[in-house]
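These notes are about the structure you will find just below.
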Amino acid sequence: VNSEFTTEDFASEIGMSRMQLHRKLKSIFGVSSTEFLRNERLKIAAELLKNENSTISEIAYSVGFNDVSYFSKCFKEIYQCTPTEYIERK
């Protein structure tokens, strides 16, 4: 996981401008490019929480979140449970 991968990098990788990418993701998925990347990072984090014995902090940082409380807040919005509750369910 490249934790420093940005929306600018994403747009460049697929050969679009940042604004074109934003509009395309908004029309297809209903989310901004920033939200799309955040959601993809959260999917990776969920897999890591299931399959690894790393701490929540280590996983949060490894997928690109710099603030563990923000990671937990975003995770709960998507998965309707905290990362700790998610681990307990596995």
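Things worth noting here:
- Spacing of the two label points (7 Å from each Cα toward its C-beta) at I14 and C81, in nm: 3.1
- In this structure, V31 and N53 have a Cβ-Cβ separation that, at R0 = 35 Å, corresponds to a calculated FRET efficiency of about 0.65.
- With semi-axes defined as the square roots of five times the eigenvalues of the C-alpha gyration tensor, the equivalent ellipsoid of the chain measures 26, 14, 10 Å, largest first.
- Accessible area of the chain divided out per residue, in Å², using a probe of 1.4 angstrom: 64
- Most positive-pole-ward Cα, F29, I56, T82, against dipole of the chain from beta carbon charges: F29
- When the solvent-accessible area of the chain is split by element, carbon and sulfur atoms take up 49 percent of it, the probe being 1.4 Å.
- Residue-level accessible surface for F36, protein heavy atoms, 1.4 Å, Å²: 40
- Calculated [θ] (222 nm, deg cm²/dmol) that DSSP helices of n ≥ 4 give over the chain, each run adding -39,500 (n - 2.57): -22000 deg cm²/dmol
- Net charge of Cβ neighbours under 12 Å - reference H22; Lys, Arg +1; Asp, Glu -1: +2
- Think of each Lys and Arg Cβ as +1 and each Asp and Glu Cβ as -1; about the Cα centre, that makes the dipole of the chain roughly 400 debye.
- Square roots of 5 times each gyration tensor eigenvalue, C-alpha, segment 1-53, largest first, Å: 24, 13, 7
The values are calculated or read from the model by the stated rules, or taken from the named source; none is laboratory data. Please read all numbers here as calculations on a predicted model, not as lab measurements. Cβ sites come from the backbone with ideal geometry, for glycine too, and all protein chains shown count toward neighbours. These accessible areas exclude ligands, DNA and RNA; they are computed on the full protein's heavy atoms, side chains included. Shrake-Rupley method; radii C 1.70, N 1.55, O 1.52, S 1.80 Å.
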